[in-house]
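Just below is one structure, and these are the notes that go with it.
The values are calculated or read from the model by the stated rules, or taken from the named source; none is laboratory data. Everything quoted here is computed from the prediction, not taken from an experiment. For neighbour counting, all protein chains shown are included, and Cβ atoms are generated from backbone atoms with ideal geometry for every residue, glycine included.
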């Protein structure tokens, strides 16, 4: 059973990795080199910021899933997301210090928050919770 799930996850990740490489190739052909560098730097920064700001919210979800008693996690997740949003100006300052321009830094931060906002309800629903009802 575990080997089957591992094979399915590997196949899905390999497929989406190929799609991402194709998208990257198309984007590289569509924009100038300087703009592509800004895109790569901004997207990498957004991914890192999303991981730092939002990954700690997965721990309470996984902990409650391990208990299996159906505890409502909205009281933990929504204030945690709000706290992450309040900390995000520090990420903007870090993006500016990393060399991103103002527009690129704001776009990267917006992408990081949007990804985090979309992933938390998905994590909850995958574990049988309904966080946004």
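Against the definition (under 22 Å from residue 111 (Cβ atoms) and either surrounded by fewer than 10 Cβ atoms within 10 Å (Cβ to Cβ) or within 19 Å of the chain's Cα centre (by Cα) (or both)), how does residue 23 come out, yes or no?
So residue 23 fits the description; yes.
Picking from 3, 11, which residue would you name as being modelled with pLDDT under 80 and farther than 30 Å from residue 104 by Cβ?
Of the residues listed, the single one that is modelled with pLDDT under 80 and farther than 30 Å from residue 104 by Cβ is 3.
Select, from 128, 99, 70, the only residue that is within 30 Å of residue 20 (Cα to Cα), out of contact with any strand residue (DSSP E or B) (no Cβ under 7 Å at 6 or more places or on another chain), modelled with pLDDT under 75 and outside any helix (DSSP H, G or I).
128
Yes or no: residue 78 exposed (fewer than 12 other Cβ atoms within 10 Å of the Cβ) and at pLDDT below 85?
In short, no.
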